[in-house]
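K.L.:
This is the structure I want to talk about, given as structure tokens.
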Amino acid sequence: MEPNPNDEKTLKELFQQADKLGNRRYHRLTQQDFDDYRKFDYWRYFNGRGECGTTLESKAWVNDHSDRHCPLCEQLFSQHGGKSIDHKLPRSQYPWLSMEFENLWVICRDCNIEKAEMHWYRYEQHVLLTYPDRYENARHARPIALLRSLANALINKSET
Ligand SMILES: [Zn+2]
């Protein structure tokens with residue numbers, strides 16, 4: 001059988017590979033990784049009223065990467081706790097991707113709280129089962145380039 005890049009099995013393998021690299025990489029965190037991890041906390045600084053992106057830099061980024069509606073639930077940000085910067089691949093599992101902008105998106109706080117620390121693959125399944133009408137939105141946001149680069153790094157062992 002010809003391998004089909006759009007095949008769900010292939011996709012699942014891609015997620016598994018990215019996950020595997022994630023686990024390996026996690027045990028080799030560098031000082032830079034820790035610095036980036038901390039830098040994000042400063043960068044996304046919360047002003048305490050549910051709004052994020054209050055340093056000048058992050059404010060500009062949030063404005064450039066959002067409009068008035070959450071890209072996931074399509075509700076107004078203002079009615080769902082405001083904007084929040086989420087890591088598509090959770091920071092707890094991929095701390096070195098804390099400041100990787102391909103890994104960031106702006107979603108409403110309610111969606112962010114629900115997503116929590118779910119791995120992206122699990123999260124898509126969760127959305128599919130819980131909110132089938134939002135599934136296309138989640139799929140559209142899938143960090144596919146990032147997952148591919150993680151999977152490639154595993155194959156090439158360039159992350160040693
Ligand atoms: Zn939302």
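The values are calculated or read from the model by the stated rules, or taken from the named source; none is laboratory data. Source: prediction; values computed, not measured. Cβ coordinates were reconstructed from backbone atoms using ideal geometry, including for glycine residues, and neighbour counts include every protein chain displayed.
K.L.:
Within the stretch 84-119, count every residue that is of a type in the set (Lys, Arg) and near the ligand (Cβ under 10 Å from one of its atoms).
P.N.:
Going through the stretch 84-119, the residues of a type in the set (Lys, Arg) turn out to be 88, 91, 109, 115.
In the following step, the residues that additionally are near the ligand (Cβ under 10 Å from one of its atoms) were identified as 109, 115.
Within the stretch 84-119, residues that are of a type in the set (Lys, Arg) and near the ligand (Cβ under 10 Å from one of its atoms) number 2.
K.L.:
Right, something else. Looking at Trp120 and the list (1) more than 11 Å from the chain's Cα centre (by Cα); (2) buried (at least 21 other Cβ atoms within 10 Å of the Cβ), which single condition is not satisfied?
P.N.:
Going through the list (1) more than 11 Å from the chain's Cα centre (by Cα); (2) buried (at least 21 other Cβ atoms within 10 Å of the Cβ), Trp120 breaks only (1).
K.L.:
Mind checking which pairs have a first residue in the stretch 109-128 that is among the aromatic types (Phe, Trp, Tyr) and part of a loop (DSSP other than H, G, I, E, B) and a second that is at pLDDT 90 or above and within 13 Å of the ligand (Cβ to nearest atom), Cβ under 6 Å, 6 or more apart or different chains?
P.N.:
Partner pairs satisfying both residue conditions: none exist.
K.L.:
Another question, if that's okay. Of all residues being of a type in the set (S, T, N, Q) and not in a loop (DSSP other than H, G, I, E, B) in the stretch 68-83, which is farthest from the ligand (Cβ to nearest atom)? Just the residue, please.
P.N.:
Per the criteria, the residue is Ser78.
K.L.:
Go through the stretch 99-110 residue by residue and tally those that are touching a strand residue (DSSP E or B) at 6+ places or on another chain (Cβ under 7 Å) and over 18 Å from Ala60 (Cα atoms).
P.N.:
Total meeting the criteria: 1.
K.L.:
In the stretch 101-110, what count of residues is obtained for those that are out of contact with any Asp or Glu (no Cβ under 8 Å at 6 or more places or on another chain) and buried (at least 17 other Cβ atoms within 10 Å of the Cβ)? Break it down stepwise before answering.
P.N.:
Residues of the stretch 101-110 out of contact with any Asp or Glu (no Cβ under 8 Å at 6 or more places or on another chain): 101-103, 108-110.
This time we only want the ones that are buried (at least 17 other Cβ atoms within 10 Å of the Cβ), so: 103, 108-110.
The number of residues fulfilling the criteria is 4.
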